[in-house]
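Reviewing the structure listed below.
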Amino acid sequence: MNTQTIRAALGLAALAMMSQAQSEELKLPRDGWTSWQVAAVDGAPEWCCWNSWDDKNPSTKACSIDDDHGNFGSRNHRTTDAVRVYARTTGGKIERLRVLSATCPVDAKTPIHELGSVATDDSARWLIGLTKQSGAESIMRGDVADNVLAGLAMHQGSLAQDALAAIARGDTRTEARKKAVFWLAMLRGTAGADIATSVMFNDKDPQLREHASFAVTQSKSPRIAEDLTRLGNTDTDGQVRAQAWFWLAHTGAAGAEDAIAAALKKDKDDHVREHAVFALSRLPDERATRALIAVAEDKTLTREQRKRAVFWLAQSEADGAQKYLEKVLVGKVGD
């Protein structure tokens, strides 16, 4: 067992003991909705529900917190310094959870009991306790699980962040680890980004490394392009390398096409090379066109790779791509 695994295991054990010791600090009724407010992590987005995702001037609407498929998110790029937790219990068991900006209006089919003053760390401990449930009692599945971990990420303080880091690095549940990595990258600033990046480079599970490559693109890391390039050049798993190039293209970082084109020439995995051409098609606007034309005309590449570049040019609506294809059709471009 390596040092990182030992630390993660010790962290999980410590968090479990803290949660058990202090789980009684939040007294929820056996049935119905309960709500409380806590301090949000710095830069927390103003999560709410919106009348339309297409409006140029979006306005909030009440979130129907009983709705299984209630969508919420940040639309106006504003931040909040407080979040509100909504928990619904039935027979003393949690069956629904929502964490929203404290200013977000909500509606529910039954009255919402106000819990009163709750310390942010006490709320975090309660959420941590939910992550420790196992077997038939576990709620760490689907929608509720995502809200538990997203809620932790929105809580201010090191207790919440350390809990997410422990789950990301050492939990036995792959999906829980993926969600923790995502929310750390998305909501916990550069510190969360550093944890996600560490998973991306060091985890033994290629699924986690691949997922972390996406999560890092959603982070505030100042090294996103640099780290994705390194991952694409060094990871031992072809699928991870392929996804690194895909997400690098999506960043639109300067020089992304050069790094991907280099991988197309030197990577020995056919799967990676095929996805490198696809990644070039994901570059912004005319950059994608220029990069794909360069591949199509590069006679040091295989015929199949060049044909693949032409295929993705044909999927583009860019003027440059269409003009190039017209030349190909009339035979003005050499084979």
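The values are calculated or read from the model by the stated rules, or taken from the named source; none is laboratory data. Just so it is clear, the model here is predicted, and its values are computed rather than measured. Quick reminder, even Gly has a Cβ in these numbers, built from the backbone with ideal geometry, and neighbours come from all protein chains shown.
Please go through the stretch 256-289 and pick out each residue that is within 16 Å of Arg308 (Cβ to Cβ), over 26 Å from the mean Cα position of the chain (by Cα) and in a helix (DSSP H, G or I). Result: Ala261, Leu264, Lys265, Asp270, Thr289.
Residues in the stretch 209-255 that are surrounded by 19 or more Cβ atoms within 10 Å (Cβ to Cβ) and in contact with a Lys or Arg (Cβ under 6 Å, 6 or more places away or on another chain): His211, Gly232, Asp235, Val240, Ala249. Scanning the stretch 85-131 for residues that are hydroxyl-bearing (Ser, Thr, Tyr) and closer than 16 Å to Asn147 by Cα gives Tyr86, Thr89, Ser101, Ser123, Thr131.
Whenever a residue of the stretch 255-267 is under 13 Å from Gln243 (Cα atoms), its partners that are surrounded by 20 or more Cβ atoms within 10 Å (Cβ to Cβ) and of a type in the set (Val, Ile, Thr), lying with C-beta atoms within less than 7 angstrom and at least six residues away or across chains, give the pairs Ala263/Val272. Checked against (1) at pLDDT below 95; (2) surrounded by 19 or more Cβ atoms within 10 Å (Cβ to Cβ); (3) among the β-branched types (Val, Ile, Thr), Ile139 passes all but condition (2). Within the stretch 48-66, if we keep just the residues that are in a loop (DSSP other than H, G, I, E, B) and at pLDDT 85 or above, the residue that is nearest to the chain's Cα centre (by Cα) turns out to be Ile65. Annotation: of all residues in the stretch 288-329 being under 20 Å from Trp247 (Cα atoms) and among the charged types (D, E, K, R), the one that is surrounded by the fewest Cβ atoms within 10 Å (Cβ to Cβ) is Arg290. Residues of the stretch 260-278 include none that is under 26 Å from Asp171 (Cβ atoms) and modelled with pLDDT of 95 or more. Summed over the stretch 156-175, residues that are touching a strand residue (DSSP E or B) at 6+ places or on another chain (Cβ under 6 Å) and either within 15 Å of Leu130 (Cβ to Cβ) or among the hydrophobic types (A, V, I, L, M, F, W, C) (or both) total 0.
Of all the numbered requirements in (1) without any contact (Cβ under 8 Å) to a residue 40 or more places away in the chain; (2) under 23 Å from Val99 (Cβ atoms), Thr172 misses one, and that requirement is (2).
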